[in-house]
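See structure below.
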Amino acid sequence: MAVLAAGGGLSLRRSWRARGDGGRRWKAGGWALLLAACALGAMTLGTMRGLFTGFTIAAVAMLAIVASGMVVRESKQARRSKSLAPEPLDRKPSWWRSALRWLLAGPIGMIAAMAVGIFWSVWTGGAEHTRLVIGGMLVPLVWGGAMAWTLADNRILRATAVLSLVALLGFGLSILKGFG
């Protein structure tokens, strides 16, 4: 089955590269080989199991054929910088940006993460203990994400707005519902 499917895939690939009537013959042959692979599977393994196996093998063979012709090109940015860890965009260091970045990565990010954890504990269903444990486990994950985002993002005021809004909405909606 795999040999028939691979032959059908190669025929179809050749038909796509050919021009005019020559491509039609390769296309017809390729589809015939793929159908033969599926029919062989149906005859040897039974109707449903054989068709499933034949289609699966044909799909994997076609994927292998397509992947064998794949060309990986470097992006323009990668051609400019061959470094594995490119430097962040050059920013003018200022005391207020540094202080705000420190506050966002630390206490403000932690407050927003706590708001997400408490929101989860209040608004999801299930047993109280499970909700509290999952909400507590979310806090360090969200805090780490907030830290990474605020330290990597060049638009510090956007990060400030998003984290402040997350904290306000998380705590506000949690207060509205309560834990009961």
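Over the Cα atoms of the stretch 1-68, each weighted equally, I'd like the Debye log10 I(q)/I(0) at q = 0.22, 0.29 Å⁻¹, rounded to two decimals.
The Debye formula, applied to the Cα set alone, gives -0.80, -1.10.
For the chain, give the magnitude of the charge dipole about the Cα centre (Cβ charges: +1 Lys/Arg, -1 Asp/Glu; no others), in debye to the nearest 20.
Magnitude of the dipole: close to 960 debye.
May I ask you to work out the translational diffusion coefficient for the stretch 132-180 at 25 °C, viscosity 0.890 mPa s, via Stokes-Einstein with Rh from the Kirkwood sum over Cα pairs, reported in whole µm²/s?
201 µm²/s
How high is the relative contact order of the stretch 95-177, given as a whole-number percent (alpha carbon pairs under 8 Å, six or more residues apart)?
44 percent
What number, in percent, do you get for the relative contact order of the chain if the mean sequence gap of Cα pairs under 8 Å and at least 6 apart is divided by its residue count?
18 percent
Could you tell me what percent of the accessible area of the chain is made up of carbon and sulfur, with a 1.4 Å probe and every protein chain present?
Carbon and sulfur: 71 percent of the exposed surface of the chain.
Between Ile134 and Trp95, what is the label-to-label distance in nm when each label sits 7 Å out along the Cα-to-Cβ direction?
4.7 nm
Please report, in Å, the Rg and the Dmax of the chain, where both are computed over Cα atoms only.
28.6, 76
The values are calculated or read from the model by the stated rules, or taken from the named source; none is laboratory data. This is a predicted model, so every value here is computed, not measured. For neighbour counting, all protein chains shown are included, and Cβ atoms are generated from backbone atoms with ideal geometry for every residue, glycine included. Surface accessibility is based on the protein's heavy atoms, side chains included, excluding ligands, DNA and RNA. Shrake-Rupley method; radii C 1.70, N 1.55, O 1.52, S 1.80 Å.
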